[in-house]
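A.B. asks: What follows is a single structure, and I will ask about it in a moment.
What follows is calculated from the coordinates using simple rules that are stated; it is not laboratory data. The model shown is predicted, which means the values in this text are computed figures rather than measured ones. When we count neighbours, we look across all protein chains shown, and the Cβ atoms used for this are built from the backbone with ideal geometry, even at glycine.
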Amino acid sequence: MKLEPNKGIPRHIILLMAAMAGLTVANLYYNQPLLEIMRSDLGTTASMANIITVITQIGYALGLCFIVPSGDLFSRRKIIVICMVAAALMTVAIATASSIYVVWIASLVMGACSIVPQLFIPIAGQFSRPENKARNMGYVLSGLLVGILAARVVSGMVGEWLGWRMMFYIAGGIMLLCLVLTLWVLPQMQHNFTGTYRGLMKSVASIFAEHPKIRLNAIRAAFGFGSMLSFWACLAFHLAGEPFGAGSDMVGFLGLCGVAGALVASSAGKYVPRLGVKKFSVAGALIQILAWITAITLGNAYIGLVIAIVLVDIGLQCLQLSNQSACIQEVPDASNRANTIFMTTYFVGGSLGTFLAGYGWNLAGWTGVCVVGITMATVSLLISIILDRQQN
C-alpha cells in the first residue's frame with residue numbers, strides 16, 4: 001500500500017498516528033513532574049534541574065529544524081524508525097545517569113529524536129482528502145496533546161512510587177513498542193522534493209523568506225506555547241513548597257486537568273476555515289491571559305491551579321491548531337518544510353518560556369512565573385491584533 005496526496009488515509013492509520021504521536025512526544029515531558037526528585041537524587045540545584053527541560057526542548061527544536069525537512073526528501077518511514085530507536089537508547093542513558101551533565105546530553109539527543117509527531121501531522125494534511133484535512137490533522141494533534149498531558153500524569157505517579165529512573169526505563173520500552181507498530185502498519189509515501197539535503201535546507205530558508213503568513217502564524221503560536229510551558233516548568237517547585245507540600249504524583253494528577261484542552265483540538269479543526277486563523281489566535285491568547293490572572297490570584301489553592309491549567313491548555317490549542325494547519329496549507333507541496341518552520345519557531349518559543357519561567361521563579365517565586373506567562377500570552381495577542389492587521 002502507498003499513500004497518494006489528497007486521495008485519503010485509512011482511518012486505522014490516522015488513529016495509529018495519533019496514538020504514536022502521543023507516545024513519542026511524551027518523551028519531552030516525563031521530566032517535568034520529576035524535576036524536584038531528580039534534583040535531590042543527582043545532588044544539584046533547582047536551576048540546574050530546570051535546564052533539563054530547556055535542553056530537551058532545544059533538542060526538539062534542532063530535530064524540527066534539521067530532521068523534519070528530510071521527510072520531503074527521504075523515506076518518512078525510515079526516518080521515523082531511526083528516531084524511535086535513538087530515542088529508546090537515550091531514555092535508557094537518562095535512566096542510568098549519575099551526573100546531571102549526562103542527563104543534559106541524553107535529553108538533547110532524545111529531544112531531537114522525538115520529532116515523530118511532526119512527521120505525522122504533515123502526512124495527515126498532505127494525504128487526506130481535502131474535506132478531511134483539518135479534521136484528520138486535529139485527530140493527530142489531539143493524540144499528541146493527550147500524550148503531553150498523560151506524560152505528566154504517568155511520570156508523576158511512577159516517580160512517586162517507583163522512582164524517576166524507572167520512568168525512563170518504561171519510556172524506552174514504549175519506544176520499542178512504537179517501533180514495532182510503525183514497521184507493521186505505516187505505508188510508504190511519495191517524496192515531495194528531488195535534489196540534495198543542502199538544496200532542501202535552502203528551500204526551507206526560501207519558504208521562510210517568501211511567506212510572511214507562515215512567519216506570522218509561527219511566531220504568535222510560539223509565544224502561546226512559551227506561555228503554557230512556563231506554567232509547567234516551575235509547577236513542581238511551587239507544589240513542593242508552602243502551602244501544598246506535594247510530591248510529583250500531584251503534579252502528574254494536575255496534568256489530567258489539561259485533557260480538556262486536548263479534546264478541544266479534535267473538534268475545533270472543522271471551525272478554522274469558517275472563523276479564520278486570526279479569530280482563533282485572538283481567542284487563544286485571551287484565554288491564556290485569563291488563565292494567568294487565575295494563576296496569580298488563586299495560585300495558592302488547588303482549585304485555582306486546576307482552572308488555570310484547563311484554560312492555558314485550551315488557549316494553546318486554539319493557537320496551535322489554527323496556525324499550524326494554516327502554515328501547512330500555505331505550501332501543501334512542501335508540507336514537512338512548512339511544518340519545520342512552524343514547529344522550530346514554536347519550540348524556540350517554548351524554550352524561551354521555560355527559561356524565563358526559571359528566571360522568574362528565582363526572582364519572585366510563583367508570582368515571577370505568572371508575570372512571564374501573562375507577558376508571553378500578551379505578546380501573542382498583540383501580534384494578532386497589530387501585525388495581522390498590517391498584512392491584511
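A.B. asks: Can you list, by residue number, the Cys in the chain that have no neighbouring cysteine C-beta under 4.7 Å?
C.D. replies: Singleton cysteines: 65, 178, 234, 257, 318, 327, 370.
A.B. asks: Pulled fully out, how much extra length does the chain show between residue 185 and residue 129, if you take 0.36 nm times their separation in residues and subtract their Cα-Cα distance?
C.D. replies: 18.2 nm
A.B. asks: According to a simple spin-label model (label point 7 Å from Cα along Cα-to-Cβ), what is the distance in nm between residue 364 and residue 301?
C.D. replies: For residue 301 paired with residue 364, the spin-label model returns 2.2 nm.
A.B. asks: Okay, next question. Just rank 286, 183, fewest to most, by other beta-carbon atoms within 10 angstrom.
C.D. replies: 183, 286
A.B. asks: Given the rule -39500 (n - 2.57) for each run of at least 4 DSSP H residues, summed and divided by the residues of the chain, what is its mean residue ellipticity at 222 nm, to the nearest 500 deg cm²/dmol?
C.D. replies: -26500 deg cm²/dmol
A.B. asks: For the range 162-228 and the range 272-321, what is the centre-to-centre distance using only Cα atoms, to the nearest Å?
C.D. replies: The distance from the Cα centre of the range 162-228 to that of the range 272-321 comes to 25 Å.
A.B. asks: Let me ask something additional. Of the trypsin sites (Lys or Arg not before Pro) in the range 63-119, which ones lie in a loop per DSSP and count no more than 16 other C-beta atoms within 10 Å?
C.D. replies: Details: sites: 76, 77, 78; in loops: none.
Loop-located and lightly packed - none at all.
A.B. asks: Rank the residues 321, 176, 352 as a footprinting-exposure proxy: fewest other Cβ atoms within 10 Å of their Cβ go first.
C.D. replies: Taking fewest neighbouring Cβ atoms as first place, the list is 176, 352, 321.
A.B. asks: Report which label in (i) 63, 58, 53; (ii) 56, 47, 35; (iii) 61, 60, 35 holds the value of Cα extents along the principal axes in Å derived from the coordinates of this structure.
C.D. replies: (ii)
A.B. asks: Filter the cross-link list 133/278; 133/279; 213/279; 7/278; 202/278 down to pairs whose alpha-carbon distance in this structure exceeds 25 Å.
C.D. replies: 7/278; 202/278
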